[in-house]
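Okay, so here's the structure we're looking at.
The values are calculated or read from the model by the stated rules, or taken from the named source; none is laboratory data. Note that the structure is predicted; figures quoted are calculated from it, not measured. As a convention, Cβ positions derive from the backbone with ideal geometry for all residues, glycine included, and neighbour counts pool all protein chains shown. In case anyone asks, the SASA skips ligands and DNA or RNA and just uses the protein heavy atoms, side chains included. Shrake-Rupley method; radii C 1.70, N 1.55, O 1.52, S 1.80 Å.
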Amino acid sequence: MAQQTIPAAVGTHRSAPTDGSGRPVRPRRTLRPRTVVVAAVAWLIAAVFLLPYLQMVITALRPASELRDATYLPDHFAWSNFVDVWRESNLGSNLRVTLLVAGGSTLLVLLVAIPAAYYTARVKYRGRRVFLLLVLVTQMFQPTSLLVGLYREFYQLGMLNSVWTLVLCNAAFNLAFAIWILTAYFSAIPVQLEEAAMIDGLGRGGALLRVTLPLAMPGVVTAVIFTFIAAWNEFVMGLTLSTVPESQPLTVGINSFIGNYTVQWNYLFAASVIAIVPVVVLFAFIERHVVSGLTAGSVK
């Protein structure tokens, strides 16, 4: 029995152009002048922001004898500066304190902000607007305006030079931002999703953990990164509430390289490079979530 062939439709399909070996030829992309200008401006802005960090790394690698030289690059790089600054100072204990303070305050903020923001977003109770206004007002207070009261309070409680004192203070000053941003995220999630989960047998807590919280994860990550960075960079409270060098955070420990008459610039910048590495690594891992968290809700 002869096989019936179906003729190809004429004019309905056009094959892509190929080269001599049969591979398809990709069309050349023409760069528009506007695209070139925008890319050049973007690279210029990036270079302006990165140049101070490059200068910091170069100064951290300068030997002490070349700190006053006018050349941009040193004659030889002193990698031993990082070893010396780690051995001859309290930088290790300062880094440990900062990690505990930043991590502990971020965890405490999440434990308090998530239930508060969820309840505020789901329950239309009396005084809800007043509560949000009070949360916003607390964000307006600077830590420096409350330092005297905080110092006297923790002095009477015997909690000076304690890591947990810095954890409580940093958590208190970053709690308002976390509540505000998480309230907006929880309010944008339809309540019908939780009701459907509760019909399937989940309670209110199970619906929050399994349905609402995963959908609000960009907001949670945004609150985490901003709280962590704010606690990591905090200086004034660490300087006031911690007077023992071993219990001071990293920002205060770096300041110890600035003396009354001299500044150890190579050690100062070497310690600064060590201080920014953990934050850069953390931000590199969760940068995608931060960008999605900041842009979520911009398009309805």
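Local charge for Pro74 was computed over the other residues whose Cβ lies under 10 Å away, with Lys and Arg +1 and Asp and Glu -1, and equals -2.
What does the C-alpha gyration tensor say about the overall shape of the stretch 95-138? Classify as rounded when a/c is under 1.5, otherwise prolate if a/b is larger than b/c, or oblate.
Values: a/c = 6.60, a/b = 2.41, b/c = 2.74.
Oblate.
Hey, what's the stretch 166-258 come to in accessible area per residue, 1.4 Å probe, Å²?
On the way: 3970 Å² over 93 residues.
Using a 1.4 Å probe on heavy atoms only, each residue of the stretch 166-258 averages 43 Å².
Shown here for the stretch 37-75: chymotrypsin sites (Phe, Trp or Tyr not before Pro) in loop regions (DSSP other than H, G, I, E, B) with at most 12 other Cβ atoms within 10 Å, namely Tyr72.
When peptides 221-228, 205-212, 106-113 are sorted by average Cβ neighbour count within 10 Å, with the highest value leading, the order is 221-228, 106-113, 205-212.
How much net charge surrounds Asn90 when only other residues with a Cβ under 11 Å from its Cβ are counted (Lys, Arg +1; Asp, Glu -1)? Mind dumping the intermediate values first?
On the way: positive: Arg87, Arg96; negative: Glu88, Glu246.
Within the 11 Å Cβ shell, the charges total 0.
Inter-part distance, the stretch 184-219 to the stretch 268-282, computed on C-alpha centroids, equals 38 Å. Computed over protein heavy atoms with a 1.4 Å probe, the carbon and sulfur contribution to the accessible area of the stretch 62-170 reaches 64%. Phe186 sits among other residues whose Cβ lies under 12 Å from its own Cβ, and their net charge, with Lys and Arg +1 and Asp and Glu -1, is 0.
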